[in-house]
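The values are calculated or read from the model by the stated rules, or taken from the named source; none is laboratory data. Please read these numbers as outputs of a predicted model, since none were measured by experiment. Because the Cβ atoms are built from the backbone with ideal geometry, glycine has one as well, and the counts that use them run over all protein chains shown. Note: areas computed on protein heavy atoms with side chains; ligands, DNA, RNA excluded. Shrake-Rupley method; radii C 1.70, N 1.55, O 1.52, S 1.80 Å.
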Amino acid sequence: MRFSSRLAGVLAAAVLAISLAACGDNGGSGGGSDAKVPDDPAQVKGDITYAIWDVNQQPAMQEIVKAFNQKYPNVKVSISLATFDQYFTKLKTQGSSDNLPDVFWMNGPNFQLFAANKQLATLEGLTSDKDGAKQVDPANYPKALNELYSLDGKQYGIPKDFDTIALWYNKRLFAEAKVAPPTADWTWDDYKAAAVKLKAALGPKNIWASGDTLGTQADFYPAMLSNGGFVVKDGKSGYGDPKSVEALQFWSDMVKNGYTPTAAQNAETKSQDRFFDGKAAMMWNGNWVVSAALKSPYKNDFTVVPIPKAPTGERKTVIHGIGNVMSAKSKNPQAAAAFLAFLGTKDAALVQAKLGAANPAFTGTQTDFVNSAPQYNLKTYIEAAEQYSEPYPVSKDTAVWNNLEINELTPAIGGDKPIADVAKDVATKMDEALGKEQ
């Protein structure tokens, strides 16, 4: 059954790649074209769509559109929102029919598929010198994120933000349970020991000790890297590495002992919703949840510290960031390019920062993000990026082995089958998928 699921996923990805490639080669009609902006804003007119996946960031994106319209009053930008679970499925369907949004959010795991199949406009028309000034200057963003959204020497995405992982906790619940709050010196053992006490004190009130996502970016990857393991390296999977298995065992034990919900329970109620509703005392999560925290009726109960250290004495977090990209086949390329360029400005970054929507990628604007919610100690995320971050793991077709993580690994965490056996199976199938990328 697992083999059939894996094969179906690989075949679906292959069919998708073929369909994207076919429409990308459709007479060379714009595939991979450059984004360019006319000199006179008044001449830029028309309607465009901007696709995003986070409802918590939607108000900030609407404010950015308002600011854009002060300079480009003749362009109407309609924001299209889809949940993350549906977002890329929808995008891939739109891409196969040459109907992508004009401008849209992109992430690292899916970028190369769209760029390689000529679905995205390059930034060359925006990053070249124009009258002595670049409309978009890559030097304003972290080098690692510029590289994440580049392929074959061409950049396609403007970094929007960057994220790392920290430990959120509810000060009120810790005090209620009479458990000492987390510190920067905590280890995995400290995390488990606190979970034992929190479960005993809060469990009868239907409050979880931990509300972790059991996700790759927030939980598995940081733990694996911190423990000396790896996800993918030199075209090989790291899931069979003993250090990676130890990290996965840590999370499996958290579920098996009833400290954190199962994947099925998280599917019913999102882990971050559980935490922000006061139904979990702590969780590992990214800085993308700040705007959700600020909307919580318990918003003053939260703060963050660095994630706990592994038995190795190390802590690592992955660093990732959303990129804004433009369809190579936009029906209104001038307006789309103008909006894409504006999304890369300091003004747009400051809107995100001041509203706590995201930690902006534009250099020098992160302080405003930290100050947007001083009670949360958000500098933890900035320090993580500077001191102990590792690049988000990707390959040419990340989505194929991401499906293995989602469909086979996550549901098995806390289950009856030994996690070492599950990890070995995932590693074998992942190696097969990686081998097909060569």
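Tell me yes or no: at least one residue of segment 316-337 is in contact (Cβ under 8 Å) with a residue 24 or more places away in the chain, in contact with a strand residue (DSSP E or B) (Cβ under 9 Å, 6 or more places away or on another chain), in a helix (DSSP H, G or I) and closer than 23 Å to Gly108 by Cα. The answer is yes, given that some residue of segment 316-337 is in contact (Cβ under 8 Å) with a residue 24 or more places away in the chain, in contact with a strand residue (DSSP E or B) (Cβ under 9 Å, 6 or more places away or on another chain), in a helix (DSSP H, G or I) and closer than 23 Å to Gly108 by Cα. Of all residues in segment 169-180, one or more are hydroxyl-bearing (Ser, Thr, Tyr), outside any loop (DSSP other than H, G, I, E, B) and under 27 Å from Ser291 (Cα atoms).
So for segment 68-86 (the condition being modelled with pLDDT of 95 or more and of a type in the set (Asp, Glu)), does at least one residue qualify? No - not one qualifying residue is present in segment 68-86. Within segment 222-241, the set of residues being part of a loop (DSSP other than H, G, I, E, B) and charged (D, E, K, R) comprises Asp234, Asp241. Of the residues making up segment 242-260, those that are in contact (Cβ under 8 Å) with a residue 60 or more places away in the chain and outside any helix (DSSP H, G or I) number 3. Residues that are part of a helix (DSSP H, G or I) and within 24 Å of Trp53 (Cβ to Cβ) within segment 69-86 comprise Asn69, Phe84, Asp85, Gln86, listed in sequence order.
Taking the criterion of being touching a residue at least 24 places away in the same chain (Cβ under 8 Å) and over 20 Å from the mean Cα position of the chain (by Cα), the residues of segment 266-281 that qualify are Gly278, Lys279, Ala280, Ala281. Just one of the numbered conditions (1) touching a Phe, Trp or Tyr at 6+ places or on another chain (Cβ under 6 Å); (2) surrounded by fewer than 21 Cβ atoms within 10 Å (Cβ to Cβ); (3) closer than 22 Å to Ala349 by Cβ is not true of Lys134: (1).
Taken together, Lys205, Lys178, Lys197, Lys154 contain a single residue that is touching a residue at least 24 places away in the same chain (Cβ under 8 Å) and either under 25 Å from Ser252 (Cβ atoms) or open to solvent by 70 Å² or more (accessible area, probe 1.4 Å) (or both), which is Lys154. Scan segment 355-375 for residues that are of a type in the set (S, T, N, Q), open to solvent by less than 10 Å² (accessible area, probe 1.4 Å) and in contact with a Lys or Arg (Cβ under 7 Å, 6 or more places away or on another chain) and report the count. Of the residues in that region, 1 qualify. Of everything in segment 102-128 that is open to solvent by 10 Å² or more (accessible area, probe 1.4 Å) and in contact with a Ser or Thr (Cβ under 6 Å, 6 or more places away or on another chain), the residue that is modelled with the highest pLDDT is Asp102. Here is the figure for segment 353-398: residues that are assigned to a helix (DSSP H, G or I) and more than 27 Å from Phe111 (Cα to Cα) total 11. In this structure, Asp212 qualifies as under 21 Å from Arg172 (Cα atoms), buried (at least 22 other Cβ atoms within 10 Å of the Cβ) and either more than 25 Å from the chain's Cα centre (by Cα) or touching a residue at least 40 places away in the same chain (Cβ under 8 Å) (or both).
Scanning segment 282-310 for residues that are buried (at least 23 other Cβ atoms within 10 Å of the Cβ), more than 19 Å from the chain's Cα centre (by Cα) and under 22 Å from Tyr221 (Cα atoms) returns Met282, Pro308, Ala310.
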